[in-house]
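The values are calculated or read from the model by the stated rules, or taken from the named source; none is laboratory data. Here the structure is a predicted model, which means the values were calculated and not measured. Don't worry about glycine lacking a Cβ; one is built from the backbone with ideal geometry, like all the others, and counts go over all protein chains shown. Quick note on the areas: whole protein, heavy atoms, side chains included, nothing else; ligands and nucleic acids left out. Shrake-Rupley method; radii C 1.70, N 1.55, O 1.52, S 1.80 Å.
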Amino acid sequence: MDSEVGPLRAVLLHRPGAELKRLTPRNNDQLLFDSIPWVGRAQEEHDAFAGVLRSRGVEVVLLADALVTALADERARTAAVAAAVDRRRLGNELADSLESYLSTVDDQAMAGVLMAGMTFEELPAAEGASLVRRMHHPHDFVVPPLPNLLFTRDSSVWIGDRVAIASLAMPARSRETALLDLIYAYHPRFRTAGRAYGAHSAPVEGGDVLLLGPGVLAIGVGERTTPAGAESLARSAFSDGLAHTVLAVPIVQDRATMHLDTVCTMVDRDAVVMYPAVRDTLQAYPLSPDGPDGVRVTGPIPFLQAAASAMGIDHLRVIDTGLDPVTAEREQWDDGNNTLAVAPGVVVAYERNIETNARLEDAGIEVLPIPGSELGTGRGGPRCMSCPITRLPL
């Protein structure tokens with residue numbers, strides 16, 4: 001895969017499930033959601049999203065199905081149990097009980113626990129007393145849920161013919177890495193795929209990684225991806241011959257701009273949709289190979305200038321989010337910039353961002369609108385919810 005806009009052929013999605021039902025007013029902030037989603041409606045909206053992709057000839061691979069298939073390999077089950085059981089938090093006795101329980105369930109039930117978590121109340125009681133169990137509320141989690149699995153973009157990203165397993169920065173998402181790692185290691189479809197980046201390296205999240213064009217990556221550096229993570233991924237991409245230029249792009253470290261793709265996404269070979277508040281201030285540090293193992297760093301220079309130069313074009317066409325500052329801010333918050341290209345000049349976008357979508361259409365971009373009132377409660381749009389596996393080259 002060499003771009004953000006080549007014709008999309010296969011994509012990894014996660015249909016929201018029981019893990020979203022674990023969200024309460026008491027824990028939603030910790031689990032990175034802004035409100036409590038209506039789960040049934042979120043599933044309907046996600047089904048509509050998957051339906052739009054299938055209607056355009058895209059194969060939809062569902063993460064839950066891929067996880068169950070991978071767990072058929074006994075090595076995957078061993079890795080899954082190790083990822084789910086936190087001995088430091090549970091203590092040896094309760095950890096042993098949890099391991100014993102997980103060893104008795106089938107692959108479908110195991111996948112359910114890995115994704116939706118488990119409460120102390122749901123774990124069958126073992127013989128003997130457990131201070132850990134007695135000092136926790138029955139509805140506390142012995143295995144925390146993973147409601148952010150919905151956003152499959154962040155935990156892995158394909159660059160060329162290799163997959164990069166992300167290193168997720170927020171504690172609520174750290175276990176997602178282990179699930180994606182075992183899917184790519186043990187699912188028959190993926191087990192031969194090369195790796196581009198190790199999950200144990202410095203923090204990098206897929207929402208910060210944009211494939212601007214063949215050989216050109218942009219990596220946002222902010223709330224989720226660190227400078228060390230961006231540099232590590234750049235070194236890996238250079239070493240594997242996947243890129244000749246990486247642009248490290250500093251972004252404001254706050255909730256509204258958690259990833260680079262919340263302020264900018266590619267919508268055509270030479271066009272981006274961008275939040276106008278950052279259009280003239282977004283900077284980039286160009287990175288390039290320097291000898292066998294070195295990296296040359298220059299800049300900072302304006303992002304749009306750096307991107308066009310690296311892509312070998314005169315300029316990037318920029319489509320702004322909204323005409324006025326208030327509309328732009330509202331639609332940026334509602335993921336107006338977070339589009340998923342299914343082909344050059346064809347993107348999926350939330351229907352609620354009326355102004356941005358109209359501006360995209362005026363610029364010659366076909367917009368495939370989807371509902372997103374409930375899906376957006378975790379602050380993510382169509383790009384966040386999709387991990388492209390296969391695109392045709394530009």
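Quick notes on this one:
- Per-residue [θ]222 nm for the chain (sum of -39500 (n - 2.57) over DSSP H runs n ≥ 4, rounded to 500): -9500 deg cm²/dmol
- Accessible area ranking (1.4 Å probe, heavy atoms, ligands and nucleic acids excluded), largest first, for VAL61, VAL11, VAL297: VAL297, VAL61, VAL11.
- Where labels lie 7 Å past Cα in the beta-carbon direction, separation of LEU394 and LEU131 in nm: 6.0
- Separation of region 145-193 from region 258-293 is 23 Å, based on Cα centroids.
- Annotation: for a label point projected 7 angstrom from Cα along Cα→Cβ of ASP362, residues of region 261-301 with backbone N closer than 15 Å are 273-274, 276.
- Rg over Rh for region 208-256 works out to 1.00, both radii taken from alpha-carbon positions and Rh defined as the Kirkwood radius.
- Within the chain: Cβ-based charge dipole about Cα centre, in debye rounded to nearest 20 (Lys, Arg +1; Asp, Glu -1): 580
- Spread of Cα-to-Cα distances over 20 Å intervals beginning at zero, given as percent, for the chain: 29, 56, 15, 0
- Computed over neighbours whose Cβ is under 13 Å from that of SER103, the net charge equals -4, Lys and Arg +1, Asp and Glu -1.
- Here the extension length gained between ILE354 and VAL295 equals 17.0 nm, from 0.36 nm per residue of separation less the Cα-Cα distance.
- The GNM of the chain, with springs linking C-alpha atoms under 10 angstrom apart, assigns the highest mean-square fluctuation among ARG279, ARG56, ARG379 to ARG56.
- Inter-label distance, ARG41 to VAL105: 3.0 nm, where each label sits 7 Å from its Cα along the C-beta direction.
- Residues ALA18 and ASP96, FRET efficiency given R0 of 30 Å [Cβ-Cβ distance, rounded to 0.05]: 0.75
- Estimated inter-spin distance, THR226 and ALA202, nm [label 7 Å along Cα→Cβ]: 0.7
- For region 191-300, the equivalent ellipsoid derived from the Cα gyration tensor has semi-axes of 22, 15, 15 Å, listed largest first.
- Computed over the chain: relative contact order in percent, which uses C-alpha pairs under 8 Å that are six or more apart: 22
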